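Enquirer: This is the structure I have questions about; it appears just below.
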Amino acid sequence: MPYDVEKPDEQWRAELSPSEYAVLRQAATEPAFTGEYTDTKAEGVYSCRACGAELFTSTTKFESHCGWPSFYDPKDTGAVELVEDRSHGMVRTEVRCARCGSHLGHVFEGEGYATPTDQRYCINSISLTLRPAEG
Ligand SMILES: [Zn+2]
């Protein structure tokens, strides 16, 4: 399925930093507890660092203590794309930006977190840009 935002690989490589490229375009994972938004509590909207699509809001961010920013719901159901991921000998659900197909992280459910959805969207900080709410 084509995405609304499609760019040749060399263009992504030029526009993103090497570490952004590794996560967003090659599905790498940033080391736990290193991302800039892991413990961020600021109010605002998190958008895709590759294409700017609005993906998550601070209102659904919760403290999962897993080392990555965690949300219990995307901003809009259609904002993200879920794809089965069988890499690394596991079956997981990959979360991608629905607009440009960039890798964001994975979603897990049934872990027992006290959230309305019992889902944890475990997202790399480096895949996101926080636009703080206007005071
Ligand atoms: Zn995107």
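Enquirer: What are the ³J(HN,Hα) values, in whole Hz, obtained from phi via the Karplus relation 6.51 cos²θ - 1.76 cosθ + 1.60 with θ = phi - 60°, for each residue of region 79-87 in sequence order, with x given for Gly and Pro?
Expert: Working through the residues one at a time gives 6, 10, 10, 9, 9, 5, 10, 9, 6 Hz.
Enquirer: By average Cβ neighbour count within 10 Å, what is the ranking of 55-61, 35-41 from highest down? Numbers along the way, then the final one.
Expert: On the way: 55-61: 20.9, 35-41: 15.7.
Put in order of decreasing packing, that is 55-61, 35-41.
Enquirer: 5 Å is the cut-off here: which amide hydrogens, built 1.01 Å from N in the peptide plane, fall below it relative to Gly101, excluding neighbours closer than 5 in sequence?
Expert: none
Enquirer: Give, as a single signed number, the net charge of other residues whose beta carbon lies under 11 Å from the beta carbon of Arg131, with Lys and Arg counted +1 and Asp and Glu -1.
Expert: Surrounding charge for Arg131 is -3.
Enquirer: I need the shape label for region 6-135. Rule: rounded when a/c is under 1.5, else prolate if a/b > b/c, else oblate, with a, b, c from the alpha carbon gyration tensor. Show your work: numbers first, answer last.
Expert: Numbers: a/c = 1.56, a/b = 1.19, b/c = 1.31.
Cα axes put region 6-135 in the oblate bin.
Enquirer: Still on this structure, I have one more. Could you sort Glu43, Glu15, Glu81 by accessible area so the largest value comes first, with the probe set to 1.4 Å?
Expert: Glu43, Glu15, Glu81
Enquirer: Counting only residues 5 or more places away or on other chains, whose amide H sits under 5 Å from the amide H of Thr93 once H atoms are built in the peptide plane?
Expert: It is Asp85, Val107, by chain and number.
Enquirer: Using each residue's phi in region 34-44, evaluate 6.51 cos²θ - 1.76 cosθ + 1.60 at θ = phi - 60° and report the 3J(HN,Hα) Karplus result to the nearest Hz, with x for Gly and Pro.
Expert: Rounded to whole hertz, the list is 10, x, 5, 10, 3, 10, 5, 10, 4, 7, x.
Enquirer: A follow-up question, please. Every cysteine in the chain with no other Cys Cβ under 4.7 Å from its Cβ, please list them in numeric order.
Expert: By the Cβ distance rule, which asks for a partner under 4.7 Å, the isolated cysteines are Cys66, Cys122.
Enquirer: Next up: Accessible area of the chain with a 1.4 Å probe: how many percent of it is carbon plus sulfur?
Expert: Values: 3540 of 7300 Å².
The computed percentage sits at 49.
Enquirer: Right, here's the next one. Using a Förster radius of 25 Å, what is the FRET efficiency between Glu43 and Asp118 based on their Cβ-Cβ separation? Nearest 0.05, please. Don't jump to the answer; show the numbers that get you there.
Expert: Working: r = 24 Å, r/R0 = 0.95.
FRET efficiency, Glu43 to Asp118: 0.60.
Enquirer: On to the next question. Is it possible to state the helix-based mean residue ellipticity at 222 nm for the chain, with each DSSP H run of 4+ residues giving -39500 (n - 2.57), the sum divided by total residues, to the nearest 500 deg cm²/dmol? What is it? Spell out each step's value before the answer.
Expert: Numbers: 2 runs with 14 residues, N = 135.
Value at 222 nm, helices only, nearest 500: -2500 deg cm²/dmol.
Enquirer: Further question: Relative to the present Cα-Cα distance, how much length would full extension add between Arg131 and Thr77 at 0.36 nm per residue of separation? Spell out each step's value before the answer.
Expert: Values: separation 54, 0.36 × 54 = 19.44 nm, distance 1.98 nm.
Stretched fully, the Arg131-Thr77 segment lengthens by 17.5 nm.
Enquirer: A further question follows. How long is the gain from Glu84 to Cys66 if the chain were fully straight, where each residue apart is worth 0.36 nm and the alpha carbon distance is subtracted? Don't jump to the answer; show the numbers that get you there.
Expert: On the way: separation 18, 0.36 × 18 = 6.48 nm, distance 2.11 nm.
Extending this stretch completely gives an extra 4.4 nm.
Enquirer: A follow-up question, please. With every protein chain kept in place and ligands, DNA and RNA left out, what is the accessible area per residue of the chain? Probe 1.4 Å, answer in Å². Numbers along the way, then the final one.
Expert: Working: 7300 Å² over 135 residues.
Ligands and nucleic acids excluded, the result is 54 Å² per residue.
The values are calculated or read from the model by the stated rules, or taken from the named source; none is laboratory data. Here the structure is a predicted model, which means the values were calculated and not measured. A quick note on method: Cβ atoms are made from the backbone with ideal geometry, for glycine too, and the neighbour counts reach across all protein chains shown. Note: accessible area is taken over every heavy atom of the protein model, side chains too, but ligands, DNA and RNA are not part of it. Shrake-Rupley method; radii C 1.70, N 1.55, O 1.52, S 1.80 Å.
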